[in-house]
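Working notes for the structure below.
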Amino acid sequence: MILNFLQSIGAYVLDAFASLGRASLFLMQVLMGIKDVLLRPRLLIRELYSVGVLSLLIIVFSAIFVGMVLSLLGYVTLVDFGAESSLGVLVSLSLIRELGPVLSALLFSGRAGSALTAEIGLMKATEQLASMEMMAVDPIRRIVTPRFLAGFISLPLLTIIFMALGIYAGYLVGSVWLGVDEGSYWSQMQNKVEFWHDVVNGIIKSVVFGFVVTWIAVYQGYNAMPTSEGVSRATTNSVVYSALAVLGLDFILTAIMFI
Amino acid sequence: MSDFFVTIRDLYFSRGDREIFSGVSLDIPEGKVTAIMGPSGTGKTTLLRLMGGQLRPDRGSVIVQGLEIPSLKRKALYQARRRMGMLFQSGALLTDLSVFENIAFPIREHYSFPESIIRDIVLLKLELVGLRGARDLMPSELSGGMARRVALARAIVLDPTLMMYDEPFTGLDPVTLGTIVSLIKELNCSLGMTSVVVSHDIHETFSIADHVCILSEGKLAAQGSPEELMNSESEFVQQFVQGKPDGPIPFHFPAEPLEQDILGKDMSGKSAL
Ligand SMILES: Nc1ncnc2c1ncn2[C@@H]1O[C@H](COP(=O)(O)OP(=O)(O)OP(=O)(O)O)[C@@H](O)[C@H]1O
Ligand SMILES: [Mg+2]
């Protein structure tokens with residue numbers, strides 16, 4: 001009984017390591033294609049549009065609402081201590097250190113990661129990838145690498161937009177609506193937010209998330225079972241694994257960066 | 001080296017527990033049309049994929065144009081594939097490109113020809129399959145037979161020396177069928193291609209094939225020219241060629257007897273109630 005239990009745990013762990021190994025090999029192949037993609041920037045630009053630009057809308061909306069809510073809640077708490085002049089610091093640090101990178105990554109995996117998985121998975125199911133192979137075109141380099149690069153480049157940029165818009169929306173609610181002094185909103189922020197410690201670390205987080213989320217998305221798509229059910233399962237897995245990976249990595253990165 | 005274009009020796013291949021090939025050896029002569037036939041699910045498509053290096057055999061060798069395909073490195077394999085064309089059973093057109101761009105795709109990927117030359121090549125190939133007028137349609141706007149013809153044009157666009165057709169005749173109307181049959185023959189004669197045709201259509205296939213291989217249950221069951229097979233003594237070949245329901249070829253995928261499946265294991269009939 002216990003032996004069985006241990007055995008199944010062991011099998012599960014071995015399985016997990018095996019798929020991590022496969023995913024790493026796949027990643028190697030994807031990265032080997034970077035040179036080819038840089039020689040043909042048109043491929044990359046098209047993907048940057050569909051992965052990055054098309055995710056812009058949801059990032060903009062979410063950033064505005066998150067910034068406004070943060071500012072409201074922050075004001076309600078701070079005003080009890082007469083510290084509402086620190087509102088700018090609270091809003092900007094939360095967004096830059098944590099909410100910007102994490103929420104952007106989660107939204108990005110829902111909007112762009114799932115689309116990447118479904119697209120690549122469907123191309124596999126309809127033998128488009130196999131037919132490319134027979135035309136002597138490597139589908140990893142032609143299809144996967146540009147999409148991987150596009151995701152990896154887009155997320156940090158989207159995150160920066162998220163942070164900036166969130167902070168501005170927080171200012172609109174805090175100063176323009178609730179009447180916090182405009183000068184102290186911005187000047188306290190400038191005093192307390194450090195470029196290297198806060199901004200750069202926040203961006204590093206989003207670079208890591210961008211790498212992991214797109215890696216998971218393209219790997220799930222490329223290894224989907226070539227059926228409609230397989231593609232739908234891969235798409236779900238892509239979003240679920242991305243979310244877990246982002247939240248787990250966020251804890252680790254936060255512990256390393258801010259303690 | 002022999003004058004065979006493709007040489008397969010002692011090929012073993014299995015998927016999971018199912019053995020698909022157990023010791024197949026066959027030769028495909030250069031410049032001829034060779035037909036691969038056999039009951040559905042015997043692994044004809046699988047054999048083409050092994051020849052194209054998309055699958056690796058468990059054992060045995062697959063030699064195409066003097067190259068041992070399974071042991072080629074990535075780069076050499078892609079180099080070898082430039083001289084192969086494959087028509088997929090499903091067509092497998094790239095769905096986000098128009099008909100024209102689908103056919104231009106292999107040219108654009110491998111050569112940097114000026115646009116006017118690409119246009120000429122593509123239109124000529126489309127003319128061959130009778131779809132020059134459909135160049136601006138998207139794959140989703142094509143019928144199954146049209147898609148297959150576009151895929152055929154795409155497969156021959158780089159003038160391969162080995163052309164593999166997976167079921168080129170299914171889903172075509174009689175007129176198109178006749179055209180495609182003569183097109184395959186013509187490509188073979190005029191361009192000196194070596195062609196491998198996988199098909200179930202005895203009549204069409206025998207009309208163009210110089211050599212026919214029949215696979216069954218993981219083995220090469222029979223081979224020879226169409227006439228030889230027509231006049232073969234073998235019960236198996238006669239059943240296959242004439243499409244008779246009874247004989248050594250089973251119609252069913254391996255399974256337990258029907259009574260047992262329906263009535264349950266004890267065969268008494270009670271368990272069904
Ligand atoms: N991806 C796969 N995974 C597992 N088994 C497979 C896979 N593809 C094919 N098979 C099995 O391999 C066998 C051979 O398949 P293949 O597609 O080569 O048959 P075929 O001779 O081309 O049949 P048809 O004439 O119907 O196209 C089939 O019995 C099938 O069950
Ligand atoms: Mg087949």
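The values are calculated or read from the model by the stated rules, or taken from the named source; none is laboratory data. Remember, predicted model here, so these are calculated numbers, not experimental data. Note that we place each Cβ from the backbone using ideal geometry, even for glycine, and neighbour counts take in every protein chain shown. Note: areas computed on protein heavy atoms with side chains; ligands, DNA, RNA excluded. Shrake-Rupley method; radii C 1.70, N 1.55, O 1.52, S 1.80 Å.
Quick notes
- Within the stretch B:14-47, tally of residues that are among the charged types (D, E, K, R), within 16 Å of ligand 2 (Cβ to nearest atom) and loosely packed, with under 15 Cβ neighbours inside 10 Å: 2
- Residue pairs meeting the criteria (Cβ under 6 Å; at least 6 apart or on separate chains; first away from chain A (no Cβ under 14 Å), in the stretch B:60-80; second β-branched (Val, Ile, Thr) and in a helix (DSSP H, G or I)): B:Val62/B:Ile69
- The stretch A:173-183, subset among the hydrophobic types (A, V, I, L, M, F, W, C) and touching a Ser or Thr at 6+ places or on another chain (Cβ under 8 Å), residue most open to solvent (accessible area, probe 1.4 Å): A:Leu178
- Total residues in the stretch B:208-225 satisfying the condition of being out of contact with any strand residue (DSSP E or B) (no Cβ under 6 Å at 6 or more places or on another chain) and open to solvent by 10 Å² or more (accessible area, probe 1.4 Å): the figure is 4.
- Here B:Leu11 passes the criteria (1) at pLDDT 90 or above; (2) buried (at least 19 other Cβ atoms within 10 Å of the Cβ); (3) not in a strand (DSSP E or B) except the one numbered (3).
- Among the residues making up the stretch A:140-172, a single one is surrounded by 24 or more Cβ atoms within 10 Å (Cβ to Cβ) and over 22 Å from the mean Cα position of the chain (by Cα): A:Gly170.
- Residues satisfying the criterion are present in the stretch B:92-115 (criterion: part of a loop (DSSP other than H, G, I, E, B) and within 16 Å of ligand 2 (Cβ to nearest atom)).
- Out of A:Thr77, A:Thr117, one residue alone is of a type in the set (S, T, N, Q), at negative phi, more than 14 Å from chain B (Cβ to nearest Cβ) and within 18 Å of the chain's Cα centre (by Cα). It is A:Thr117.
- Of note, B:Gly52 does not satisfy the criterion of being farther than 21 Å from B:Asn188 by Cα and within 13 Å of ligand 1 (Cβ to nearest atom).
- Residue pairs meeting the criteria (Cβ under 9 Å; at least 6 apart or on separate chains; first at positive phi, in the stretch B:182-196; second open to solvent by 60 Å² or more (accessible area, probe 1.4 Å)): B:Gly192/B:Glu30
- Scanning the stretch B:158-182 for residues that are farther than 20 Å from B:Met86 by Cβ and open to solvent by 60 Å² or more (accessible area, probe 1.4 Å) yields B:Asp173, B:Pro174, B:Val175, B:Thr179.
- Condition check for B:Ser90 on (1) within 8 Å of chain A (Cβ to nearest Cβ); (2) open to solvent by 10 Å² or more (accessible area, probe 1.4 Å); (3) at pLDDT 90 or above: one failure, at (3).
- Checking each residue in the stretch B:171-184 for being in a helix (DSSP H, G or I) and out of contact with any strand residue (DSSP E or B) (no Cβ under 7 Å at 6 or more places or on another chain) picks out B:Pro174, B:Val175, B:Thr176, B:Leu177, B:Gly178, B:Thr179, B:Ile180, B:Val181, B:Ser182, B:Leu183.
- Out of B:Ser216, B:Ser190, sole residue that is within 16 Å of ligand 1 (Cβ to nearest atom) and away from every other protein chain (no Cβ under 14 Å): B:Ser216
- Take the conditions (1) at pLDDT below 85; (2) of a type outside the set (Phe, Trp, Tyr); (3) in contact with a Pro (Cβ under 8 Å, 6 or more places away or on another chain); B:Ser234 misses just one of them, which is (3).
- Residues of the stretch B:59-91 that turn out to be outside any loop (DSSP other than H, G, I, E, B) and away from ligand 2 (no atom under 16 Å from the Cβ), as a count: 21
- Being within 14 Å of chain B (Cβ to nearest Cβ), surrounded by fewer than 24 Cβ atoms within 10 Å (Cβ to Cβ) and either farther than 19 Å from A:Gly33 by Cα or among the aliphatic types (A, V, I, L, M) (or both) is true of A:Val137.
- In the stretch A:120-134, the qualifying residues are those that are more than 10 Å from every other protein chain (Cβ to nearest Cβ) and surrounded by 24 or more Cβ atoms within 10 Å (Cβ to Cβ), and the one that is farthest from the chain's Cα centre (by Cα) is A:Gly121.
- Residue in the stretch B:62-81 that is in contact with a Pro (Cβ under 7 Å, 6 or more places away or on another chain) and more than 14 Å from ligand 1 (Cβ to nearest atom) present: yes
- Test result for B:Phe105, within 11 Å of ligand 1 (Cβ to nearest atom) and among the aromatic types (Phe, Trp, Tyr): no
- Residues that are touching a residue at least 40 places away in the same chain (Cβ under 8 Å) and buried (at least 20 other Cβ atoms within 10 Å of the Cβ) within the stretch B:137-157 comprise B:Pro139, B:Ala147, B:Arg148, B:Val150, B:Ala151, B:Leu152, B:Ala153, B:Arg154, B:Ala155, B:Ile156, B:Val157, listed in sequence order.
- Flag for B:Arg56 being in contact with a helix residue (DSSP H, G or I) (Cβ under 6 Å, 6 or more places away or on another chain) and surrounded by fewer than 16 Cβ atoms within 10 Å (Cβ to Cβ): yes
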